[in-house]
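Colleague: Sending over a structure as C-alpha cells; questions will come in a sec.
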Amino acid sequence: MKKKLRLSLIVLLIVFSLLISSTVLAQEEDRFGGTLNTAFQMSVAHLDTDNSTDSMISAMMNHVYEGLFEFDENLNLTPHLAASYEIKENGLVYDVKLREDVRMHNGELMDADDVVASFRRWLEINNGGQLVAPHFDEIEKLDQYNIRFKFEEVYAPFLNILASPVSNQKFVVRAEEVIDEFGTDVIDRHVGTGPYKYEEWVPDQKLVLTRFEDYTPSPREGSFFAGERIPYLNKIVFNFIPDAQVRVSGVQTGQFHFAEEVPRDQYQIFKMDQNIKNVIIYPDRMSMLIFNNAEAPFDNKYARQAIAYALDFEELGYAMIGDPQFWRLESALHEKGNPWHVSDAGSGIYGVYDPEKAKQLLERAGYDGQPLVILSGQDNQMERQGAIAIQDQLEKIGIDVELQLFDRPTVVERRAKKEGWHMHLSPFIKVVPDPQIHQGWTGTNKWITNWDSKDSRQMDQIFAEMLREVDYEQRYKIVERMQAELWDSVPYFNILDYSRLHIRRTELKNFQAGWQPFFWNTYLE
Amino acid sequence: MLFLKKYKKYEHSYITTSIIILIILISLSLFAPLLTDYNPVRNNARNRLQPPSKEHLLGTDQYGRDIFTRILYGLRTSIEVGISVVILTVIFGGVVGIVAGYYPQIDKIIMRVLDAMMAFPGIIIAISLAAIWGAGKLNIILALSFAYFPKMARIIRSAVISIKDLDYVDSARAAGANDLRIIFKYILKNSASPIMVQATFNFALAILDEAALSFLGVGIMPPAPSLGAMVTDARTYMVVAPWMILAPGMMIILSVLSLNLLGDGMRDLLDPHLKNTLKK
C-alpha cells in the first residue's frame with residue numbers, strides 16, 4: 001500500500017514537473033518576435049564608432065558589434081568575445097584567448113585576424129585607442145584564437161579602456177574584410193558579431209536592425225553589456241526625433257515603445273499613465289563648475305575655494321534639475337558603487353554653505369570686485385538653469401556676475417580662450433571605468449581649465465603614478481590623493497550628480513536602465 | 001488737438017476700451033515695486049512650480065520666482081522696448097521719408113533701397129541683427145527699429161508728397177519760408193495722423209516681436225524678465241504648471257490687442273474718408 005502511494009506520488013511529481021517545464025518553455029518561445037520602435041533624441045552623422053566621439057553611435061551599434069571585454073551592471077570588467085586573459089611581465093604583456101565558436105554577420109567564424117585588424121584600426125583612429133597608442137608596442141597573433149598585446153611601458157587602464165562606456169572609446173571587433181575594404185575611412189558596411197545586424201540607415205530619419213539568426217551568445221550570465229544577449233525582437237527601429245515633446249507623445253499614443261531623454265518635470269504625468277513606465281537612469285551625469293585658472297581672481301586657489309563655500313548646492317539642485325529624485329549631492333568624481341568611489345572626498349568644503357567664509361577667502365585672494373563672467377550653454381536645461389541659479393546665489397552675497405549664455409558651438413569656441421570668462425558650467429559623464437580617463441584632467445595647462453601652477457604639476461605627478469600602478473589597492477590610494485588634491489586646489493568641482501529620464505511602454509519587458517539603452521534580452525508582450 | 005476733439009464728438013468704443021486697458025497695464029508696470037514684495041530675478045528654488053496661492057498670486061516658476069512679479073517687470077521691459085522702438089522708427093523713418101518725399105531728385109534711390117529692405121519680413125531682419133549684435137535690450141531695440149523704419153518712411157513720404165503741392169504750402173513758399181520751416185510747420189503738422197496710427201501699430205508689433213525674439217533666445221538675456229522668454233521657459237512645464245504659460249501669454253495678448261484696437265480706433269477717427277461711416 002505504502003509502495004503504491006509512493007509510486008503514484010512520484011508519477012504525479014513527474015507529470016507535474018513536465019507540465020510546468022512545458023509552459024515555461026512555451027513562454028520562452030512566446031517572447032520571440034515583434035518590431036521595436038524607439039525614439040532617440042539626436043541623429044548621427046554615420047555609424048562608425050571609431051571615427052566619432054558621438055555616444056549615440058555606440059548606443060545603437062552596441063547591438064551590432066561586441067567588445068573583447070564588456071562591463072556588467074556593477075562596472076566589473078567581463079570577458080565577452082574573449083574567453084579568458086592573462087596579464088604577464090608585470091603588466092607589459094596581455095595574453096587573450098578568444099571564444100572559438102563566434103559567428104560573424106558574413107557567416108564566417110571570428111578569429112584572431114579579425115581582432116588584430118580591428119585593433120590596429122582602433123589604435124590609430126579611435127579616441128580611446130589614441131590614449132593607449134603612446135604606451136603601446138605591438139599586437140601579435142599567436143595562433144587562430146590567441147592574441148598577445150605588448151606594451152612599451154606599464155599602462156594600467158588598458159583593459160578598462162578596451163571596454164570603456166565613454167563615447168565610442170570601446171574596442172569592438174569587426175570583420176577583417178571590412179577593414180581591408182575601408183581602412184581608416186568611415187565604414188558603411190557593417191559586419192560584426194552582435195545579436196542584431198545592420199539592415200537600413202536613412203540619415204536623419206532612422207536606423208533599422210534585424211535579428212542575427214546565427215548569433216552565438218556568451219556563455220556567461222547576462223548583466224548589462226556583459227554575458228548572454230538574447231535577441232528576442234525581430235527588428236529594432238531607432239527613430240531620430242529631436243523634439244522632446246514629439247518623443248513623449250509618440251510613446252503616449254503607442255507609436256514608440258521607448259523614448260530617450262524626456263523632460264524630467266513631466267515625471268508625474270507619465271506615472272499616472274498606465275501604459276507608460278518611467279526609466280530613471282541612475283545619476284550618470286555630473287554638473288561640473290569649471291574655473292578659468294589663468295585669469296584673476298581664479299588664478300588664486302582661495303578664490304576658487306570661496307565659490308564652493310558661496311554656493312548652496314541643495315538649492316542649486318532644485319533650480320537646475322528640479323525634483324530631488326533626479327539628483328543627489330556627490331563630492332567624488334566616481335559614484336557610489338564604482339570601485340574608485342572615494343566617500344570622504346571634499347569633506348569640510350563640499351556642501352558647506354558659508355558665505356562669510358567665502359567673503360574672507362575672496363578677500364584673501366585679493367578679489368577686486370570685478371564682475372565675474374559665467375559662460376554657459378543655453379540649450380541644455382542643466383547648463384542654462386544652473387548658470388542662472390549660480391548667478392543669483394553669488395549676487396545675493398554681493399558678488400557682481402555677468403551671465404553669458406550661448407549656443408553650444410559658441411560656448412565651445414569661447415571657453416577655449418584664455419580670457420573673457422571666469423566660470424563655466426558643463427555636464428560630465430559620471431560613468432568612467434578608470435580614474436585615468438577622467439574627463440576633466442588631461443595635464444597641466446591642457447583642456448580648458450588653463451590650470452598651470454605648482455599644484456597642477458603635483459596633479460601631473462599623481463596621474464603619472466596612477467598610470468604605472470597595476471595593483472588595485474595601491475591605485476585606490478593614489479585616487480584618494482587625487483581627490484584630496486582636487487578639493488584643495490579646486491580647479492573645477494562637481495556640484496551634484498543627476499539622472500536622465502527615459503520612458504517606455506509597459507509592453508516592453510525586461511528592459512534594464514543602463515548608461516546607454518540596449519534592447520537585447522528585452523521582448524514585447 | 002484734432003484727435004481729442006474728434007474723440008469727444010464720437011466716443012469711439014474701441015478707443016475707450018483700449019485706453020482703459022492700457023492705463024491699467026502701464027500703471028501695473030510703473031508701480032511694480034509697490035505692488036509686490038518679491039524681486040523678479042531672485043531665486044527660491046525650494047519653492048519651485050508652486051500653483052497660484054495667497055503668497056504667489058500667479059504661482060512660481062522653475063526657479064521659485066514669483067510669476068506675478070515677473071509679469072509686472074516683464075511688462076515694463078515690453079513697454080520700454082515698445083516706446084523706444086516707436087521713437088526711433090519715427091525719427092529714422094521721418095528723416096528718410098521727408099527727404100525722399102520733399103526732394104524728388106533722390107526719391108528713387110532711397111525708395112528702391114527701402115523696397116529691398118521691405119522685401120524681407122521684419123522679424124527675419126530683426127532675428128539676423130540680434131544674432132549678429134548679440135542679445136540684450138539695447139540691441140533688440142535697434143534691431144526692431146531697423147526692421148520697422150522702412151514702412152514708416154514710406155508712409156511719411158506719401159504724406160509729404162500729397163501735402164507739399166497744396167496751395168497753402170505754395171503760399172508759404174511764396175512768402176519766402178525756407179525748406180525746414182515748410183517741412184516742420186506746414187507738412188509734418190498736417191501729416192501727423194497717419195504717423196500716429198502707424199506708431200501705435202509699431203508699438204504693438206514691437207511688443208509682440210520682442211516676445212518672439214526672447215522666445216527664440218535672441219532677445220532679453222535671462223534672468224531679466226521678459227514676457228516672451230517666460231513663455232519659452234514655460235513650454236517644458238506646460239503640462240505640470242500651466243499657470244506659467246497662461247499668465248505671460250495673457251499679458252502679451254492684452255497689451256498687443258489693446259494697442260491694435262487703439263490704432264484701429266484712431267484710424268477711424270482721423271481718416272477723412274471714413275467720416276461718413278462713423279456718423280451712422
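The values are calculated or read from the model by the stated rules, or taken from the named source; none is laboratory data. Everything numeric here is computed off the predicted structure, so don't read it as measured data. We place every Cβ from the backbone using ideal geometry, glycine too, and count neighbours over all the protein chains shown.
Colleague: Counting only residues that are of a type outside the set (A, V, I, L, M, F, W, C) and in contact with a helix residue (DSSP H, G or I) (Cβ under 6 Å, 6 or more places away or on another chain), which one in segment A:380-405 is farthest from the other protein chains (Cβ to nearest Cβ)? Don't jump to the end; show me each part of the working.
Modeller: The initial filter retains those residues of segment A:380-405 that are of a type outside the set (A, V, I, L, M, F, W, C), namely A:380-381, A:383-386, A:391-393, A:395-396, A:398, A:400, A:402, A:404.
Okay, now just the ones that are also in contact with a helix residue (DSSP H, G or I) (Cβ under 6 Å, 6 or more places away or on another chain), so A:385-386.
Working: A:385: 7, A:386: 11 Å.
Checking each candidate, the answer is A:386.
Colleague: A follow-up question, please. When both residues are 6+ apart or on different chains and their Cβ atoms are under 7 Å apart, which pairs have a first residue that lies in segment A:258-279 and is over 18 Å from residue A:518 (Cβ atoms) and more than 12 Å from every other protein chain (Cβ to nearest Cβ), and a second that is of a type outside the set (A, V, I, L, M, F, W, C) and crowded, with 22+ Cβ neighbours inside 10 Å?
Modeller: What qualifies is A:275/A:505; A:276/A:505.
Colleague: For segment B:212-222, does any single residue satisfy the condition of being within 14 Å of another protein chain (Cβ to nearest Cβ), in contact with a strand residue (DSSP E or B) (Cβ under 7 Å, 6 or more places away or on another chain) and either modelled with pLDDT of 90 or more or part of a loop (DSSP other than H, G, I, E, B) (or both)?
Modeller: yes
Colleague: Could you list all residues from segment B:237-252 that are without any contact (Cβ under 8 Å) to a residue 24 or more places away in the chain and in contact with a helix residue (DSSP H, G or I) (Cβ under 8 Å, 6 or more places away or on another chain)?
Modeller: Residues of segment B:237-252 without any contact (Cβ under 8 Å) to a residue 24 or more places away in the chain: B:238-239, B:242, B:245-246, B:249-250.
Correct list: B:238, B:239, B:245, B:249.
Colleague: Just one of A:393, A:381 is modelled with pLDDT under 90 and either more than 25 Å from residue B:235 (Cα to Cα) or in the same structural domain as residue A:450 (by TED's automatic domain parsing) (or both); which is it?
Modeller: Details: A:393 fails: modelled with pLDDT under 90.
Result: A:381 is the single residue among A:393, A:381 that is modelled with pLDDT under 90 and either more than 25 Å from residue B:235 (Cα to Cα) or in the same structural domain as residue A:450 (by TED's automatic domain parsing) (or both).
Colleague: Here's another thing I want to ask about it. For segment A:76-109: of the residues being assigned to a strand (DSSP E or B) and of a type in the set (Lys, Arg), which is farthest from residue A:161 (Cα to Cα)?
Modeller: The qualifying residue farthest from residue A:161 (Cα to Cα) is A:103.
Colleague: Does residue B:136 meet the test of being among the small types (Gly, Ala, Ser), within 30 Å of residue B:73 (Cβ to Cβ) and surrounded by fewer than 17 Cβ atoms within 10 Å (Cβ to Cβ)?
Modeller: On the way: among the small types (Gly, Ala, Ser): yes; within 30 Å of residue B:73 (Cβ to Cβ): yes; surrounded by fewer than 17 Cβ atoms within 10 Å (Cβ to Cβ): yes.
Here the answer is yes, as residue B:136 does meet what is asked.
Colleague: Write out, first by first residue and then by second, each pair whose Cβ atoms fall under 8 Å of each other, whose residues are 6+ apart or on separate chains, and whose first residue, in segment A:153-166, is outside the structural domain of residue A:63 (by TED's automatic domain parsing) while the second is part of a loop (DSSP other than H, G, I, E, B) and crowded, with 21+ Cβ neighbours inside 10 Å.
Modeller: Close Cβ pairs (under 8 Å, with a partner that is part of a loop (DSSP other than H, G, I, E, B) and crowded, with 21+ Cβ neighbours inside 10 Å) do not exist here.
Colleague: Another question about this same structure. Kindly indicate whether residue B:203 is in a helix (DSSP H, G or I) and within 14 Å of chain A (Cβ to nearest Cβ). I'd like the intermediate steps shown before the answer.
Modeller: Working: in a helix (DSSP H, G or I): yes; within 14 Å of chain A (Cβ to nearest Cβ): no.
No; evaluated as a whole, the condition is false for this residue.
Colleague: Could you list, in sequence order, all residues of segment A:406-422 that are within 18 Å of residue A:291 (Cβ to Cβ) and either among the β-branched types (Val, Ile, Thr) or within 13 Å of another protein chain (Cβ to nearest Cβ) (or both)? Before the answer, list the steps.
Modeller: Start the filter on segment A:406-422 by keeping residues that are within 18 Å of residue A:291 (Cβ to Cβ), which leaves A:411-412, A:414-422.
Residues satisfying the conditions are A:411, A:412, A:414.
Colleague: So if I check each of B:76, B:70, which one is touching a residue at least 12 places away in the same chain (Cβ under 8 Å), within 14 Å of chain A (Cβ to nearest Cβ), touching a helix residue (DSSP H, G or I) at 6+ places or on another chain (Cβ under 8 Å) and assigned to a helix (DSSP H, G or I)?
Modeller: Only one candidate qualifies: B:70.
Colleague: Taking residue A:296 as meeting all but one of (1) more than 27 Å from the chain's Cα centre (by Cα); (2) among the aliphatic types (A, V, I, L, M); (3) in a helix (DSSP H, G or I), write down the number of the exception.
Modeller: Among (1) more than 27 Å from the chain's Cα centre (by Cα); (2) among the aliphatic types (A, V, I, L, M); (3) in a helix (DSSP H, G or I), the lone unmet condition for residue A:296 is (3).
Colleague: Test residue A:286 against the stated conditions and say whether it is more than 14 Å from chain B (Cβ to nearest Cβ) and either under 27 Å from the mean Cα position of the chain (by Cα) or over 30 Å from residue A:513 (Cβ atoms) (or both).
Modeller: yes
Colleague: Do any residues in segment B:183-203 that are small (Gly, Ala, Ser) have Cβ atoms under 9 Å from those of residues that are not in a helix (DSSP H, G or I), where the two are at least six apart or on different chains, and which pairs are they?
Modeller: Pairs that qualify, where the first residue is small (Gly, Ala, Ser) and the partner is not in a helix (DSSP H, G or I), are B:193/B:271.
Colleague: Just give me the residues in segment A:61-75 being in contact with a strand residue (DSSP E or B) (Cβ under 6 Å, 6 or more places away or on another chain) and assigned to a strand (DSSP E or B), in sequence order.
Modeller: Answer for segment A:61-75, where residues must be in contact with a strand residue (DSSP E or B) (Cβ under 6 Å, 6 or more places away or on another chain) and assigned to a strand (DSSP E or B): A:67, A:69, A:70.
Colleague: Taking residue A:259 and the conditions (1) surrounded by fewer than 19 Cβ atoms within 10 Å (Cβ to Cβ); (2) under 23 Å from the mean Cα position of the chain (by Cα); (3) of a type outside the set (D, E, K, R), which numbered condition does it fall short on, given that it satisfies the others?
Modeller: Against the list (1) surrounded by fewer than 19 Cβ atoms within 10 Å (Cβ to Cβ); (2) under 23 Å from the mean Cα position of the chain (by Cα); (3) of a type outside the set (D, E, K, R), residue A:259 comes up short only on (1).
Colleague: In segment A:241-257, what residues are away from chain B (no Cβ under 14 Å), closer than 23 Å to residue A:34 by Cβ and out of contact with any strand residue (DSSP E or B) (no Cβ under 6 Å at 6 or more places or on another chain)?
Modeller: Hits for segment A:241-257 are A:253, A:254, A:255.
Colleague: Residue under question is residue A:377, and the condition is that it be surrounded by 17 or more Cβ atoms within 10 Å (Cβ to Cβ), at negative phi and within 14 Å of chain B (Cβ to nearest Cβ); does it hold? Please lay out each step first, then the result.
Modeller: Numbers: surrounded by 17 or more Cβ atoms within 10 Å (Cβ to Cβ): yes; at negative phi: yes; within 14 Å of chain B (Cβ to nearest Cβ): yes.
For residue A:377, the condition - surrounded by 17 or more Cβ atoms within 10 Å (Cβ to Cβ), at negative phi and within 14 Å of chain B (Cβ to nearest Cβ) - is met.
Colleague: Does residue A:278 meet the test of being in a loop (DSSP other than H, G, I, E, B) and buried (at least 18 other Cβ atoms within 10 Å of the Cβ)? I'd like the intermediate steps shown before the answer.
Modeller: On the way: in a loop (DSSP other than H, G, I, E, B): no; buried (at least 18 other Cβ atoms within 10 Å of the Cβ): yes.
No.
Colleague: Go through segment A:302-349 and give me each residue that's of a type in the set (Phe, Trp, Tyr), within 12 Å of another protein chain (Cβ to nearest Cβ) and touching a residue at least 12 places away in the same chain (Cβ under 8 Å). Walk me through it before giving the result.
Modeller: Residues of segment A:302-349 of a type in the set (Phe, Trp, Tyr): A:302, A:309, A:313, A:318, A:326-327, A:340.
Of the ones still in play, those that are also within 12 Å of another protein chain (Cβ to nearest Cβ) are A:313, A:318, A:327.
The answer is A:313, A:327.
Colleague: Something else now. Going by the structure shown, is residue B:46 in a helix (DSSP H, G or I), within 14 Å of chain A (Cβ to nearest Cβ), crowded, with 20+ Cβ neighbours inside 10 Å and in contact (Cβ under 8 Å) with a residue 12 or more places away in the chain?
Modeller: Numbers: in a helix (DSSP H, G or I): yes; within 14 Å of chain A (Cβ to nearest Cβ): yes; crowded, with 20+ Cβ neighbours inside 10 Å: no; in contact (Cβ under 8 Å) with a residue 12 or more places away in the chain: yes.
In short, no.
Colleague: Still on this structure, I have one more. When residue A:327 is evaluated against the numbered criteria (1) more than 21 Å from the chain's Cα centre (by Cα); (2) crowded, with 16+ Cβ neighbours inside 10 Å; (3) at pLDDT 90 or above; (4) within 26 Å of residue B:63 (Cα to Cα), which criterion, by number, is the only one it fails?
Modeller: Answer for residue A:327: the failing condition is (1).
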